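Chemist: This is the structure, below, for whatever I ask next.
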Amino acid sequence: MKNRLIQAYKQAPWRVQLQWIGLFLLGLVTIASVAGIYLNISARTSTIGRNIQQMEAQSEQIERNIADMQTTLAMITSAAVMQKRAEEMGFVPAEPGNEVYVTVPSYYGRQPAVLAPPPGPGMVNPPLVQPSYTESLWDWLFQGVAKAAQMQGKVLP
Amino acid sequence: MKAIFTRTNFLGMLFTVVGVLVIVQIGRIQTSATAEEFRKQAQQYIGEYKKIYPERGSIYDRWGHLLAGNETVYEVGVNLQYVQDPQTIAAAVSSVTGADFAQTLASASIPYVEGKSEYARLADSVTAEQIDQLSRLQQQYASQSANKRGKGKEAPSLSGLVWSPHLRRSYPEGTLASNVIGFYTYLDREGGRGFYGVEEKYNDLLSGTPQEVWVPNDPNLVQQIPEVPPGASLILTIDREIQSSVEQILDKAVKDTGSSSGTIIVSDPRTGEILAMATTPHLDPNQYWTYDQLFPNSTPFNRAISQTYEPGSVFKVLTMAAALDTNTVTPDTPFLDTGSFEIGGFYIHNWDGAAWGPQNMVGCMQHSLNVCLAWVASQLGPTKFYDYLRAFGIGHKTGIDLAGEVDYPLRLPGDGQWFPVDLGTNSFGQGVAVTPIQMVMAAGALANDGKMMAPHILRAMIQDGRQYNTPPQVVGTPISAQTAHTETAMLTQSLVEESSSALVPGYSVAGKTGTAEIPTETGYTSSLTNASFVGWGPSDNPRFLVYVWLEKPETSKWGSVVAAPVFSDVVKRLVVLMDIPPDDLRKQLASN
């Protein structure tokens, strides 16, 4: 009787094997999925990180170029160069008495240089590199959970 | 019995053993004696600490023209690990950059020692064009090397040669205003600093604060490199066009008169702003290493602030101002000039030794009579006279924002070095020493309703993207507005009546010449003089003040002959550059 019962509920050997294989494959797929996601995120992070490094180098180069161009412009428009160019074009320095003065309403004459805005309320620049590019998967998961919990706390009284 | 050593089991055991061995090896390496060394090596590749020097702030004139900026240059060096042919590297670098061949060869031949000698600098301040040449040479040698590879021939190689860009100080206007700007020792990358002028005075502001940051090579560890703010930029009160004109006029005057040096200052008496400050010689700050040749034997870099001298008769404007302000005299006060005046046991004589007979105070100033001014000072008395001189800032630095200002102490009654005769000689600018900028500040009170403004060169500062303007500052009010107007009218009249060569047709100007004997160790025995002129205009509403000083002129020793025409030349340019119409037109426009 006992043997019969055991026999009645015992699974066929091929089914047991199939279950083990299924479980093994499930574990494998899970590991592969996690590894795949991790690899994907790591690769993207690395790519973006490399881009950031390149952009920072570009930024430095652009700053140097700006300084270069300003200096070059100043050289080709320096007082001595401009005077020489004017003389070559036949101009001569104006003498008192050569000038014609005209009244221009609401014109207050040439104003000294204003090269930057005046002092005002302090502005804090936001970070250029977002935290999501530098935090680990753990940090991302932990902060995501924390944020979700916080949101939940806000919704529920 | 099942067979234990089946092929499957054997493979399984093999992989297990290999796996265990790998794990054991990992553990062994982690705990081995050389593990720490490996970790250090790994750290080198993770990233590096980099000292970021902020871009040195720029310097502009009042209209925004760049006077000092930065340009990209390159440092050329070798990664010693990859150097194959030091001879070729030295030959290429020395021929392209002009660097010394032997020194370059020695640097390129340094043996590579990991962690100790990995890099050697060969040349710095290399231009982009020179880098292009080096780059082309490197490519050419690389292609030659590739062609000869495997054929048993040694091809020349620039392997290991590298370059990196950085910013270098540059002065696009060359010598223009260099005595005001100073220079920055850019060849010293680590310890460079500003010398003289604005570059030294505002060195800390201009240079900013260097920061050491960790820069990761691993992109997974990427982090934002902290933004190192550039040094503050400065906007000066200098007007480039006026400065250029004044320098040209000064150079011509020094040459024409055979003077040993010259100085001209142009200021706005209403604000104390220095519009131009020219002095000889001029240094090109792009080649600051020529300083020793240009300024031998402690020659002042900027005589306008760094050299005191006895100003002579230009000082009479201060004596007369004090006398007018205390009502000791009025313009019409009569004075009989007998040709000499006794004070403190000594006799004062006029510049020509003559007696000029009956005069009033206008005549005294017009003919620059020492006898008269000594009498005026004696009427004023030493206490009031020196109180006024101190109120005019004589004996103290003006505090102008330029490095290197000096002063000469004013000898006062009770000092021990002061004698009663000094009251007489000081009244006409002998026995007292000032810098040109002190005279500009003091005379500025006469041109600005009695208010004396602090002379300054900084108009605004740009820091963290904001422009901070510097407001004008009143140093004091040594005389009343009425006194200032009265003396300005006197000096205007005196120039007209003597048909001075300082006059400018169409414009009223007030001014005074000065001719001072130069003291030697044995007294005033030299025939050499300091010729000066101080003047301002337009007389009814002064917008400029000009101070001219020619040192030891040879063509004539008199200020009225050599310095007054220079004042006139400067004013002729000023009225055009500052858009000041002739008096009649200006008054007509004002009345409309």
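The numbers here are math on the coordinates, done by the rules we state, and not lab data. If you're wondering where the values come from, they're calculated on a predicted model, not measured in any experiment. Because the Cβ atoms are built from the backbone with ideal geometry, glycine has one as well, and the counts that use them run over all protein chains shown.
Chemist: Considering the options A:Val81, A:Val16, A:Val29, tell which one lies farthest towards the positive end of the dipole of the stretch A:2-86, charges being +1 on Lys and Arg and -1 on Asp and Glu at the Cβ, about the Cα centre.
Modeler: Ranked along the dipole, the leading option is A:Val16.
Chemist: Under a point-charge model restricted to the Cβ atoms of Lys and Arg (+1) and Asp and Glu (-1), what is the dipole moment magnitude of the stretch A:2-86 relative to its Cα centre, in debye to the nearest 20?
Modeler: The calculation lands at about 820 debye.
Chemist: What does the charge count near B:Gly429 come to, summing +1 for each Lys or Arg and -1 for each Asp or Glu among other residues with Cβ under 13 Å from its Cβ?
Modeler: Values: positive: B:Lys316, B:Lys512; negative: B:Glu310, B:Asp422, B:Glu517.
Once positives and negatives cancel, what remains is -1.
Chemist: Shifting gears a bit: Out of B:Thr6, B:Leu446, A:Asn65, whose Cα points farthest toward the positive end of the dipole of the protein assembly as shown (charges: +1 Lys, Arg; -1 Asp, Glu; placed on Cβ)?
Modeler: My answer, from the dipole projection, is B:Thr6.
Chemist: Under 19 Å between alpha carbons, and skipping anything fewer than 8 positions from B:Lys384 in its own chain: which aspartates and glutamates qualify?
Modeler: Answer for B:Lys384, where 19 Å is the Cα cut-off: B:Asp325, B:Asp415, B:Asp422, B:Glu487, listed by chain and number.
Chemist: Looking at chain B only, what percent of DSSP beta bridges run antiparallel? Nearest 5 please.
Modeler: Bridges in chain B are about 95 percent antiparallel.
Chemist: Arrange the peptides B:302-309, A:8-15 so that the one whose residues have, on average, the most other Cβ atoms within 10 Å appears first.
Modeler: B:302-309, A:8-15
Chemist: Sticking with this one: Quick one: helix B:316-325 against the long Cα principal axis of chain B, what's the angle to the nearest 10°, folded into 0 to 90?
Modeler: Computed tilt is about 60 degrees.
Chemist: Per-residue mean of other chain beta-carbon atoms within 10 angstrom of the beta-carbon, peptide A:108-115?
Modeler: Other-chain Cβ atoms within 10 Å of each residue's Cβ, averaged: 6.
Chemist: Now a separate question. Shielding by partners for B:166-172, please: the mean number of other protein chain Cβ atoms within 10 Å of each residue's Cβ.
Modeler: Mean shielding by partner chains, rounded to a whole number: 5.
Chemist: In degrees, nearest 10, range 0 to 90: what is the angle between the Cα axis of helix B:481-497 and the longest Cα principal axis of chain B?
Modeler: 80
Chemist: If you don't mind, there's one more thing I want to ask. Select from chain A the helices, each a whole stretch of DSSP H, whose alpha-carbon atoms run 20 Å or more along the helix axis and whose Kyte-Doolittle mean is at least -0.5; answer none if there are none. The partial results should precede the final answer.
Modeler: Working: long enough: A:13-76 (92 Å, 0.30); A:137-155 (27 Å, 0.09).
Span-like helices here: A:13-76, A:137-155.
Chemist: Then there's this: Give the average, rounded to an integer, of partner chain Cβ atoms located within 10 angstrom of each Cβ in B:67-75.
Modeler: On the way: counts 3, 2, 9, 7, 9, 7, 2, 0, 0.
Per residue, the average neighbour count from other chains is 4.
Chemist: Against the longest principal axis of chain B, how steep is helix B:370-380, in degrees 0 to 90 to the nearest 10, with axes from Cα atoms?
Modeler: So the helix axis and the longest Cα principal axis differ by about 90 degrees.
Chemist: Here's something else I'd like to know. How much net charge surrounds B:Gln482 when only the other residues with a Cβ under 11 Å from the Cβ of B:Gln482 are counted, with Lys and Arg +1 and Asp and Glu -1? Intermediate results must be reported in sequence, preceding the final value.
Modeler: Working: positive: none; negative: B:Asp325, B:Asp449, B:Glu487.
Within the 11 Å Cβ shell, the charges total -3.
Chemist: Taking a threshold of 31 Å on the Cα-Cα distance, which of the pairs B:Lys255/B:Lys572; A:Lys84/B:Lys316; A:Lys84/B:Lys201; B:Lys316/B:Lys552; B:Lys316/B:Lys572; B:Lys451/B:Lys552 fall above it?
Modeler: Going by Cα-Cα distance, A:Lys84/B:Lys316; A:Lys84/B:Lys201; B:Lys451/B:Lys552 fall outside the 31 Å limit.
Chemist: Can you compute the charge dipole magnitude of chain B about its Cα centre, using +1 on each Lys and Arg Cβ and -1 on each Asp and Glu Cβ, nothing else charged? Give it in debye, rounded to the nearest 20. Kindly include the intermediate steps, with their values, before the conclusion.
Modeler: Values: 42 positive and 59 negative charges, 508 e Å.
I would put it at about 2440 debye.
Chemist: In debye to the nearest 20, how big a dipole does the protein assembly as shown give about its Cα centre with +1 on each Lys and Arg Cβ and -1 on each Asp and Glu Cβ?
Modeler: Dipole magnitude for the protein assembly as shown comes out near 5200 debye.
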